[in-house]
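Let me begin by presenting the structure, written as structure tokens, before commenting on it.
The values are calculated or read from the model by the stated rules, or taken from the named source; none is laboratory data. Being a predicted model, the structure only gives us computed values, none of them experimental. Backbone-built Cβ (ideal geometry, glycine too); neighbour counts: all protein chains shown.
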Amino acid sequence: MDVDALRALTPGCAHRVHLDNAGAALLAQPTLDAMLGHLQREAEIGGYEAANAAQDDIAAAYRAVAELLGGSADEVAFFDNATRAWNAAFYSVPLRAGDRILTGRAEYGSNVLAYLQVAQRTGAEVVVVPNDESGQLDTAALAELVDERTRLIGVSHVPTSGGLVNPAAEIGRIAREAGVLFLLDATQSVGQLPVDVEEIGCDLLSATGRKFLRGPRGTGFLWVRPAALERLEPHVAEIRSATWDGGRGFTWAEGARRFETWENSYVNLLGLGAAVRQALDLGMDAITARTLALGERLRERLDALPRVATHDLGSTRCAIVTAKVDGVPTADVVAALAGAGVNVTATVAQDTQFDTEVRDVHPLVRLSPHYYNTEEELDRAVEVVAALG
């Protein structure tokens, strides 16, 4: 991987040390070119006309996401963010009183709120699977909790609040054996880790473009296993997702497109397609090797500081690093790093409510390098933190 060349294609690298890729990564020039080119065409010939002219590139974006996930293009639906993609999946699962939703302590805050809303509305039960001794979801406990009432296993592959990587493939094996739908929130894993839907065995997967895929904000997607479609009832019917039968009925669109809406930002969609294509061209194995090595280097250097501790769980950890400086408010650490030109963010308790029930550690400083970061940039961030301790 030619890091210097990749940085030259990333305008933001000239101005900041960007360690907030778990929030929104820096766009690369090919992504900018794809977006600006389409925006210019919209201005010159009209939005509908520009979309018609870009049909081949739009189709290529579906194929690129499918290739990234190990699926096919008709299994992919695009959305304006990952939460909408996840909601489209979750709210399509028929639930009634007595049904059970199994999830983990690392589940994302918006997902948790959706579980609680549907539980209140239907009488379904939300069951939180405990962690094992490493802090990841305990798959043995999950297997014991799955019963005839279980309708859905919903898990965040990587939480927003730390470097944990949940054992998604083992969860998928348990779900398949029990015949239970498995919804994987891969928002923080797609783009930094290889994510293969066949290897994992999920039925539904949601993700965003703006994080480790380096796509634009306002993009998300859903992958749906064809065999799961007959068990799902999309919660919105409109002219993209369904076809009027001429009378008082309709039929759903084929494949995952039944979850989409007609209107789209094709500027963003084409930018996402370009970003995914760049990831595919670089190769996920190469991206993962470098990104995880940077994360581990950063974690080790922070842990070596006398008044600093990292708080990432799990036996397998990714490039998201969370830390606390003893005696220094997290907001002050984030501000000090920003003042030195280093972009980071902080975790908040409400983003992982079930984690907060057992770990009173938030807020934490969240640093998330990506393959275009350099070792020198990590060292610069550590020096700023060291000066506060």
Condition set of a type in the set (Val, Ile, Thr) and out of contact with any His (no Cβ under 7 Å at 6 or more places or on another chain), scope the range 270-322, selection surrounded by the most Cβ atoms within 10 Å (Cβ to Cβ): answer is Val321
Against the condition acidic (Asp, Glu), in a helix (DSSP H, G or I) and over 17 Å from Leu204 (Cβ atoms), how does Glu144 come out, does it pass? yes
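For Ala85, indicate whether it is farther than 27 Å from Val180 by Cβ, among the small types (Gly, Ala, Ser) and at pLDDT 95 or above.
When the stated conditions are applied, Ala85 does not pass them.
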Expected output for the range 62-77 (first residue under 14 Å from Phe259 (Cα atoms), partner charged (D, E, K, R) and in a loop (DSSP other than H, G, I, E, B), Cβ below 6 Å, 6+ apart or cross-chain) is Ala77/Glu260
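Working only within the range 95-119, note down all residues that are of a type in the set (A, V, I, L, M) and in a loop (DSSP other than H, G, I, E, B).
If the condition is that a residue be of a type in the set (A, V, I, L, M) and in a loop (DSSP other than H, G, I, E, B), then Leu95, Ala97, Ala106 are the ones that fit.
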Considering the range 342-378, residues that are touching a strand residue (DSSP E or B) at 6+ places or on another chain (Cβ under 7 Å) and of a type in the set (Ser, Thr, Tyr), and then whichever is farthest from Leu19 (Cα to Cα), we arrive at Thr347
Within the range 1-20, the residues that are over 18 Å from Ala319 (Cα atoms) and outside any helix (DSSP H, G or I) are Asp2, Leu9, Thr10, His15, Arg16
Discussion item. Residue under question is Asp312, and the condition is that it be modelled with pLDDT under 95 and within 30 Å of Thr103 (Cα to Cα); does it hold?
Written reply: no
All-but-one check, Gly23 against (1) small (Gly, Ala, Ser); (2) part of a helix (DSSP H, G or I); (3) surrounded by fewer than 22 Cβ atoms within 10 Å (Cβ to Cβ); (4) touching a Ser or Thr at 6+ places or on another chain (Cβ under 9 Å), failing number (2)
Exactly one of Thr160, Thr122 is farther than 22 Å from Arg210 by Cα, in contact (Cβ under 8 Å) with a residue 12 or more places away in the chain and polar (S, T, N, Q), and that residue is Thr122
Screening Gly98, Gly71, Gly104 for residues that are surrounded by fewer than 17 Cβ atoms within 10 Å (Cβ to Cβ) and either on the phi < 0 side of the Ramachandran plot or assigned by TED's automatic domain parsing to the domain that holds Gly273 (or both) leaves only Gly98
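Could we say that Thr83 is hydroxyl-bearing (Ser, Thr, Tyr), in the same structural domain as Leu269 (by TED's automatic domain parsing), crowded, with 20+ Cβ neighbours inside 10 Å and under 19 Å from the mean Cα position of the chain (by Cα) here?
Criteria not met by Thr83.
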Can you confirm whether Ala51 is assigned by TED's automatic domain parsing to the domain that holds Ser156, within 20 Å of the chain's Cα centre (by Cα), more than 23 Å from Ser368 (Cβ to Cβ) and modelled with pLDDT of 95 or more?
no
